[in-house]
Amino acid sequence: MESIRGRLTLWYATALILSIAIFAVVLYVARRSDTYQDLDRRIQSEADLTAGILAESYRARGTLVENDTAGRPQLTPDVAAVLEVVPDYLLVTARDGRLLFASPDARALTFGEFEQLNAITRPPPVAQSHTPGRFHVSPNGPTLHYIVRAVPDAGDQFGAILAGADTKSAELRLEQLLLTILIAFFVGVVPAILVGGWLAARALEPVDRMITEVREITDGRSLHRRLAVPMARDELGRLAETLNQMMTRLERSFAALRRFTADASHELKTPLTVVRAGVERAITRPGVPQETLAPLEETLHEVNRMTELLDSLLTLARADEGRADLHREPVDLRAIIEEAGETGELLAEHAGVGIDIRLPPQPLVVPVDRSRMRQLALNLIENAVKYTPRGGQVSVELAGDNGRAVFTVADTGIGIAPGDLPHVFDRFWRADSARTRTSERAGTGLGLAICKWIAEAHGGTIEVQSRPGRGTTFTVGLPRSETPSS
Amino acid sequence: MKILVIEDDRTVGEYVRRGLDEAGYHVDLVGDGDEGLRRASGKGASYDMMVLDLRLPRMSGIDVLRTLRDRGVGLPVLVLTAQDSVDFKVQALRMGADDYVTKPFAFEELLARVEALGRRPKSISPPTLKVNGLVLDTGSREVSRDGKRIELTPKEYAVLEYLMRHQGRVMSRTLITEYAWDYHFDPGTNIVDVVITRLRKKIDQAKEPKLIHTVRGVGYVVRT
């Protein structure tokens, strides 16, 4: 689950469903055992009643068994009439196991089913015993709970009484109970979960609002703003307060950075100007011997490198603040790439690398900061040449597709390891495997970070694809109409 | 032509003063804004141009500029700034500056901008540069040796022009790079050497005398 709201709802729903399920199971099990006990009590009392009636009649009349017209023994009709009203299944057998009486329910069974039932009464029980049991009359008959008992107080005419009751009515009651539980479950649980989700959302809604606000504030331009602190001193109120304190500190440190940027520009650049001024004066004075000129030239070069590094650092510091420092005007990108391309040719010639530059036939006018764009193009081309071994090839291409200008620099150079790819735009990052040729000086390590900033400040993108040993491709996409820079 | 330089850093100020002095300007140097403002807008002020550092003690360069314009002084002002952010430059230009140079600057750049602001005819750089039979026309950007046209790419032209403009003087690789490329472009390779090799092929090959000479460890010089 992505949100706290979702997780809260999920936990709440799980807890609710579990507790209701436990309640339902306990209820069902208790009701089930109650229901079967009732059933058993009923057949017990039926059996006892029958035994009582038989004993009563025996005391009044003696013999209760007579032969019917077919010569089979049967219960005397008036006693049978009394037993006829006992519900459920009732069988009365003689000592020798022959059937004397069967209740209407029992008579309704098929012959096979009836025989299965009758078999339970054999052998006849002894004395006072009660044998309860459960029996399924196969294949399609009812399932019965039964009890078999002896009839000790009626002479020795009777073998056993079997009283049984169909479990169907009990099962029906349990099914109804189950159905009721299920209905109550859905009627109760679904709205409860919905309400739970709504409550979680309501409780967390101020957090969502806070997220939006913080995002707006920290984009770099509105750091002076603060979150509205709710009146209540609850967790959210304290969170808002803490965030506000953090933003105050952030604002202070950004202000310090801004001050530092301005101070550093001045404090570092003024001495650089002084050094440069001295060196430049000395180096351009006529008649200076060569052994003096060489170290002066080296110094001048280093001063320039330092200036470049300082400029890059300040540019990135300003970029961090969210202030895109661009002077945009409509420029035909072909002119910029062509100029950078000539430099690329010179660099490639020196490095023994082939280079081809493809420009579109039509002007490709895009609102860009001219000098930044030149820096971007030069950086990418220079990098491509630098990391391509002698005999390799660098391809520079500019193309316009709908709404975008796409500038690609591809090389057949040493490439970048997949693990290093996400870091190539990091500041001061340099892969060990991607060292420059030993004879050459490494750059400042800020070039690609600057390129990324330039592309993104123009509302564009920069992407890199690379395969170690096969080459690297940098692709810069720029919107052709001005979009708000981020 | 009189130029007032307002710069609190003595070394930078002296450097600018001496450089402009050598280029034939009359230069006064002052160290703070109040003094500079008094001199530029007081009675009998006779300056043709002001070079103004934006970061001054007490009264800032921007305030000097604003006060100057408020008093109706239309003197051309070239601003020196360490801030190369666009909004800062825009602010200076809005306040009435005519141009700016970012620190640290190559003196050549400062001079070029002073010349442009002063609208002084470029007597120092004649439209056509000549060394022996090699002729470079800065107007049409055409180059020929002994009457034969030589085709040059833009960078080749820029390097050759720079060397011919300073003929007889050794120009260091860094200065050449700076002139022909972006101010801070440092390709880490001696790209100038590549251009010189090409130029030699086009200009000096099978010709006498050789005009482009190497000064080991430093740079190049064009002379006969």
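Throughout, read-outs are computed from the coordinates displayed, never taken from laboratory work. Since we're looking at a predicted model, the values are computed, not measured. When we count neighbours, we look across all protein chains shown, and the Cβ atoms used for this are built from the backbone with ideal geometry, even at glycine.
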Original post:
With θ set to phi - 60° and the Karplus curve 6.51 cos²θ - 1.76 cosθ + 1.60, what are the ³J(HN,Hα) couplings of segment B:207-224 in order, to the nearest whole Hz, using x for Gly and Pro?
Top reply: 10, 10, x, 6, 9, 9, 10, 8, 10, 3, x, 10, x, 9, 9, 9, 6, 7
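Within segment B:37-116, list the trypsin sites (Lys or Arg not before Pro) lying in a DSSP loop whose Cβ has at most 15 other Cβ atoms in a 10 Å radius. Don't skip to the answer; put the middle values down first.
Details: sites: B:Arg38, B:Arg39, B:Lys43, B:Arg55, B:Arg58, B:Arg66, B:Arg69, B:Arg71, B:Lys89, B:Arg94, B:Arg113; in loops: B:Lys43, B:Arg55, B:Arg58, B:Arg71.
Qualifying residues, ordered by number: B:Lys43, B:Arg58, B:Arg71.
Could you give the dipole magnitude of chain A about its Cα centre, charging the beta-carbon of Lys and Arg +1 and that of Asp and Glu -1, in debye to the nearest 20?
Details: 54 positive and 62 negative charges, 195 e Å.
Rounded to the nearest 20 debye, it is 940 debye.
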Subject >> Hits among lysines - C-alpha to C-alpha of B:Lys148 under 27 Å, sequence gap 8 or more where chains match >> reply: B:Lys130, B:Lys201, B:Lys202, B:Lys207, B:Lys210
Original post:
In debye, nearest 20: dipole of chain B around its Cα centre with unit charges on the Cβ of K, R (+) and D, E (-)?
Top reply: 800 debye
**OP:** Pick out, in residue order, every one of the GluC sites (Glu not before Pro) in segment A:1-72 that is DSSP loop and has at most 13 other C-beta atoms within 10 Å; say none if there are none.
**Re:** A:Glu2
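For the protein assembly as shown, give me the percentage of DSSP beta bridges that are antiparallel, rounded to the nearest 5 percent. Write down the numbers at each step before the final one.
Working: 69 of 92 bridges.
Among the beta bridges of the protein assembly as shown, antiparallel pairing accounts for roughly 75 percent.
Rounded to the nearest 500, what is the 222 nm mean residue ellipticity of chain B from helices alone, with -39500 (n - 2.57) per DSSP H run of 4+ residues and division by all residues? Please report the intermediate quantities before stating the final value.
Details: 8 runs with 86 residues, N = 224.
Dividing the helical sum by the residues of chain B leaves -11500 deg cm²/dmol.
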**OP:** Mind putting a number on the dipole of segment A:4-171 about its Cα centre? Charges go on the C-beta only, +1 for Lys and Arg and -1 for Asp and Glu, and I need it in Debye to the nearest 20.
**Re:** 840 debye
Original post:
If you find the alpha carbon centre of segment A:383-414 and of segment A:300-350, how far apart are they in angstrom?
Top reply: 17 Å
Original post:
Taking the Cα atoms only, what angle lies between the long axis of helix B:10-22 and the longest principal axis of chain B, rounded to 10 degrees?
Top reply: 60 degrees
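Could you give me D for the protein assembly as shown, from Stokes-Einstein at 10 °C and 1.306 mPa s, where the hydrodynamic radius is the Kirkwood radius over C-alpha pairs? Units µm² s⁻¹, please. Working shown, then result.
Numbers: Rh = 35.1 Å.
D, rounded to a whole number, is 45 µm²/s.
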**OP:** Using every Cα-Cα pair within segment B:128-222, state what percent have a distance larger than 19 Å.
**Re:** 35 percent
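For segment A:138-284, count the residues as N, evaluate 2.2 N^0.38 Å, and divide the Cα radius of gyration by that value, please.
In units of the globular-protein estimate, segment A:138-284 measures up at 2.94.
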Original post:
With θ set to phi - 60° and the Karplus curve 6.51 cos²θ - 1.76 cosθ + 1.60, what are the ³J(HN,Hα) couplings of segment B:33-41 in order, to the nearest whole Hz, using x for Gly and Pro?
Top reply: x, 4, 4, x, 5, 4, 5, 7, 10
Subject >> Cα pair distances in segment B:2-118, grouped into 10 Å bins until the bin that holds the longest one, percent each >> reply: 14, 53, 31, 2
Subject >> Selected from A:Leu313, A:Thr242, A:Pro286, residue furthest toward positive end of dipole (segment A:235-320; charges at beta carbon) >> reply: A:Thr242
Subject >> Which of A:Pro271, A:Thr408, A:Ala228, positive extreme of dipole for the protein assembly as shown (C-beta unit charges) >> reply: A:Pro271
Subject >> Alpha-carbon radius of gyration plus Dmax, which is the widest Cα pair, for chain B in Å >> reply: 20.6, 65
Subject >> Centroid-to-centroid separation of segment A:1-69 and segment B:95-111 [C-alpha atoms, Å] >> reply: 103 Å
**OP:** Return the whole-Å distance between the Cα centroid of segment A:161-222 and the Cα centroid of segment A:71-141.
**Re:** 52 Å
